[in-house]
Amino acid sequence: MLLKSKFKLATAIGIVLSMLSLLVHLFLANYSAGGITRYSLHMDDVLPFGPRPRPRRLWGSLSTLDHLHPYAKPRKIYPAPDYHNGFIYAKIYGGFEKIQSSICDLVAVARLLNATLVIPEIQATTRAKGISSKFKSFSYLYDEDHFISALSSDVAIVRGLPKDLREARKKIKFPTVSPKNSATPEYYVTEVLPKLSKSKVIGIIINGGKCLQSILPATLEEFQRLRCRVAFHALKFRPEIRALGNQIVSRLRVSGRPYLAYHPGLLRDTLAFHGCAELFQDIHTELIQYRRNQMIKRGTVKEQLSVDSVSRKINGSCPLMPEEVGLLLQALGYPSTTIIYLAGSETFGGQRILIPLRAMYANLVDRTSVCSQRELSDLVGPEAPLASDMAHPPPPKTEKELVDEWKRAGPRPRPLPPPPARPYYAHEKVGWYGWIGENDTEPDPSPVEFRRQAHRLLWDALDYFVSVEADAFFPGFHNDGSGWPDYSSLIMGHRLYQTPSGITYRPDRKTISALFENVSDHQYHPPRNWTLAARQHLNNSASVEGIVKSAMLSKPVSFLAHPLPECSCRTPKSPGVQSTKDSHGRLLFGGEEECPDWMVRSLAMVSTKNNEPQNEDYDGDLPEDDSSQDTQQESDRSDMNKSSEQDEEMDPDD
């Protein structure tokens, strides 16, 4: 009996040890992915939606930036000039980002020269034939009345020159200047002001999107705040654009879920400038190379026509491709049902290049899928009809014409020669790039193409509005090193001014390229896991570290891409933030002045309302943390310990 009882005890102990061993193995298996996996609720795979959770880690505000608030009002005595030296009129060439930046610079120049500014002319709309008569040039995008009234205490703005001066302008009696990229204030005082004082009217032609240098001397600090007032307050889109933008935002959030805005930055000019042609295939490579050859002839590009696109991409000079962005979003933990809004009027490569991203995130939408065709047409307004630029097929020949043609062909030798190649009719060309198969020269834009260029300004303005209001923003190409303002950087600067604590990623493309090039086997192990490395970099890019690193590249190019610390203030009880300066000793972050008392009281009232018990962070019953302490840790993006907890984990090495 004693022997049997000992045998039963040993058996029981063996079973217990086996169970413990199994549990330990399960724990280690989960931990090897970078943390104990938390299983989320299953989400539906279609756009309409239903309430879903909002993990604070992915959509919450950054606690390290909660103390910053937008404040662009003058801090010093800033009286309006009581006299003026004359009128300044301007013509602005380029896309939306260049228009937005140029207008801000023009207002600052007008104030610097004590001149009256005539509403700038947007050339992309004035040369487009037959666009809606309801809108003219500036008013095609912006609200003219608000622009004039919002800046009434800073600069005198008029809709047009007086009649006598207008007639003289038509006869080309006034001088015009075309300032170089990033012209200095001294240039305007010494070169432009004497001409203005003498003729009382001067024209400024802007091509590069920057007629005034980005970083001004400390004595002109108020001019930087003037730029902020222009960009973020005075330049309001016309009511139709704002109304449709608000509708898009409401539709994206109709289910209670947040959305992420993504701008690919895949533009033909940008790709040609940086030599990224080999990232594409077939006809697109030829189109990029043709544009690059044009830039070389104009002197815009000082390099050879053919360059190694792979080395350029490794160096961070080429955009992140959509499939790479999809992998990075998965590494961050965004589930496959995340709503992603595709911003920008042009994505070079079309829908084909977006197929991998759409396979990862089925809820990838743009304005055409969120708005009806009627709504987009109403935004454009009534337009005069234009002849289509698409070629029509030749009329079919009758049987009699075919017989006559055969008889006129004359005697035929035997054996018959091979038949001539079938004629390639214009109507058989696919898309707008068909010319490259037959000609070496790109045809001049047709009237329809000029109209499309004007429409692209509207789509860029609409997407700009939606991207600024997004819960998170991810750029595919910013700080491209071209020296021109870029679309993504303007959005990021606007978000930094309006909602500094919002989620805005600033990926370093060189670091990301190194991650994608690394195929080492040891990347599976937790200390060196690829997913953790990518997530750590992206989380850092959204924090103070990423803001400072990005500012060193973006602020010298465009002040609007990083309007800190000139256009912000901090709350009195904010935590101590170490000031960061660039190599020239200029502040990039920190050193903001305290907010005025009236703003502090207003912020305190808003904070009291927001602290009332309500279910804002989660729309479902999915717990993200086991304790309130963990929740507080997840609200701080700079704490990387929280990054190991995620809803969905994916290792791109699998």
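Summary table
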quantity: Whichever residue in segment 220-269 is touching a Lys or Arg at 6+ places or on another chain (Cβ under 9 Å) and not in a helix (DSSP H, G or I) and, among such residues, is surrounded by the most Cβ atoms within 10 Å (Cβ to Cβ); calculated: Tyr259
quantity: Every pair of residues 6+ apart whose Cβ atoms lie under 7 Å, when the first sits in segment 307-324 and is modelled with pLDDT of 90 or more while the second is surrounded by fewer than 17 Cβ atoms within 10 Å (Cβ to Cβ); calculated: Ile314/Glu517; Asn315/Lys510; Gly316/Lys510; Ser317/Gly481; Pro322/Pro356; Glu323/Pro356
quantity: So Lys297, is it among the charged types (D, E, K, R), without any contact (Cβ under 8 Å) to a residue 40 or more places away in the chain and part of a loop (DSSP other than H, G, I, E, B); calculated: no
quantity: Sole residue being surrounded by 20 or more Cβ atoms within 10 Å (Cβ to Cβ), on the phi > 0 side of the Ramachandran plot and not hydrophobic (A, V, I, L, M, F, W, C), chosen from Gly350, Gly333, Gly326; calculated: Gly333
quantity: Members of segment 281-295 found to be within 13 Å of Val307 (Cβ to Cβ) and in contact with a Lys or Arg (Cβ under 9 Å, 6 or more places away or on another chain), listed by number; calculated: Ile288
quantity: Counted residues, segment 329-341 - those being within 21 Å of Asp463 (Cβ to Cβ) and either among the polar types (S, T, N, Q) or assigned to a helix (DSSP H, G or I) (or both); calculated: 2
quantity: Matching option when the condition is in contact (Cβ under 8 Å) with a residue 12 or more places away in the chain, farther than 21 Å from Leu490 by Cα and not polar (S, T, N, Q), among Gly275, Gly245; calculated: Gly275
quantity: Gln247 being touching a Cys at 6+ places or on another chain (Cβ under 8 Å) and either farther than 23 Å from Ser482 by Cβ or among the charged types (D, E, K, R) (or both); calculated: yes
quantity: In segment 189-206, the residues that are under 16 Å from Arg169 (Cβ atoms) and either crowded, with 19+ Cβ neighbours inside 10 Å or not charged (D, E, K, R) (or both); calculated: Leu196, Ser199, Val201, Ile202, Gly203, Ile204, Ile205
quantity: Residue in segment 129-152 that is among the acidic types (Asp, Glu), part of a helix (DSSP H, G or I) and crowded, with 16+ Cβ neighbours inside 10 Å present; calculated: yes
quantity: Segment 185-206 - residue that is in contact (Cβ under 8 Å) with a residue 40 or more places away in the chain and part of a helix (DSSP H, G or I) and, of those, nearest to the chain's Cα centre (by Cα); calculated: Pro185
quantity: Residue in segment 383-398 that is assigned to a helix (DSSP H, G or I) and modelled with pLDDT under 85 present; calculated: no
quantity: Segment 130-174, residues that are touching a Pro at 6+ places or on another chain (Cβ under 9 Å) and within 19 Å of Ile92 (Cβ to Cβ); calculated: Ser137, Phe138, Asp143, Val155
quantity: Count of residues meeting criterion [under 26 Å from Lys180 (Cβ atoms) and out of contact with any Ser or Thr (no Cβ under 8 Å at 6 or more places or on another chain)] in segment 105-140; calculated: 17
quantity: When residues of segment 96-124 are limited to those that are surrounded by fewer than 24 Cβ atoms within 10 Å (Cβ to Cβ), among the charged types (D, E, K, R) and assigned to a helix (DSSP H, G or I), the one nearest to the chain's Cα centre (by Cα); calculated: Glu97
quantity: Meets criteria (out of contact with any helix residue (DSSP H, G or I) (no Cβ under 9 Å at 6 or more places or on another chain), more than 28 Å from Cys211 (Cα to Cα) and modelled with pLDDT under 80) for Val577; calculated: no
quantity: Residue within segment 111-121 that is farther than 30 Å from Thr219 by Cα and aliphatic (A, V, I, L, M) present; calculated: no
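The values are calculated or read from the model by the stated rules, or taken from the named source; none is laboratory data. Everything numeric here is computed off the predicted structure, so don't read it as measured data. Backbone-built Cβ (ideal geometry, glycine too); neighbour counts: all protein chains shown.
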